[in-house]
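Step one of this worksheet: look at the structure below.
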Amino acid sequence: MFDTIGLMASADVLLHPVRLRIVQCLLGDRALTTADLALELPDIPPATLYRHVAALAEADVLTVVGQRRVRGAVERSYTLNPASATAAREDLAVMSREQLRTSFGVFIASLLAGFDSYLTGPDADPARDALGFRTAAVYIRDDDVAEFTERLQAAIGPWRTPRPDARRHLLSTILTPVTGPDTIPRPPTANGPAHST
């Protein structure tokens, strides 16, 4: 949806919480080396991190944008290739329910890992940092989903470019249709607030 992490043609590449966390680190037009990633993901052993970065690069989820020699070794800088890490409607159409369930589970696991990493950090201050998570009901016709997505992208557009005075935040979205009969909220009455049946 934004710099989306999700399903893709080679969805199995991202079906691992460590790989999803690596991709999350690169969201927001960032270019990082494996050493940079190791500093941001200190709970992941270096050998494991290098292996998962290599798998993501081989699958074209990550793109090498620079390299330099450091003590005789080549150090590469990677960026996220959004086209390879974006869920397209045609990708969703060919996936089984079990594949979708697994992908969603990995997505949630990566959110939990990132959240835990924040909470256990030495500078975590949820009140100061305006930490938030919430669910809101929205009423969208099936043929309006594309417009809804475009408007949401436009709304966050001004905050998608890195700035030296701004701290990076991750905004994750999940748009799930509610099953069962739809209920239409009743308008407020003179006797009380609006409510649903």
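In region 10-74, one over the average inverse separation of all distinct C-alpha pairs is 12.4 Å, which is the Kirkwood hydrodynamic radius. When nucleic acids and ligands are ignored and a 1.4 Å probe is applied, Asp125 ends up with an accessible area of around 60 Å².
Could you order Tyr78, Tyr139, Tyr118 so the one with the most accessible surface comes first? Probe is 1.4 Å. Could you put the intermediate results ahead of the total?
Details: Tyr78 25, Tyr139 155, Tyr118 50 Å².
Putting Tyr78, Tyr139, Tyr118 in descending order of accessible area: Tyr139, Tyr118, Tyr78.
Taking amide H positions as modeled 1.01 Å from N, with prolines and chain starts lacking one, the residues under 5 Å from Ser77 and 5 or more places away or on another chain are Val65, Gly66, Gln67.
The values are calculated or read from the model by the stated rules, or taken from the named source; none is laboratory data. The structure presented is a predicted model; accordingly, all values stated were derived computationally and were not measured. Ligands, DNA and RNA are excluded from the accessible area calculation, which covers all protein heavy atoms including side chains. Shrake-Rupley method; radii C 1.70, N 1.55, O 1.52, S 1.80 Å.
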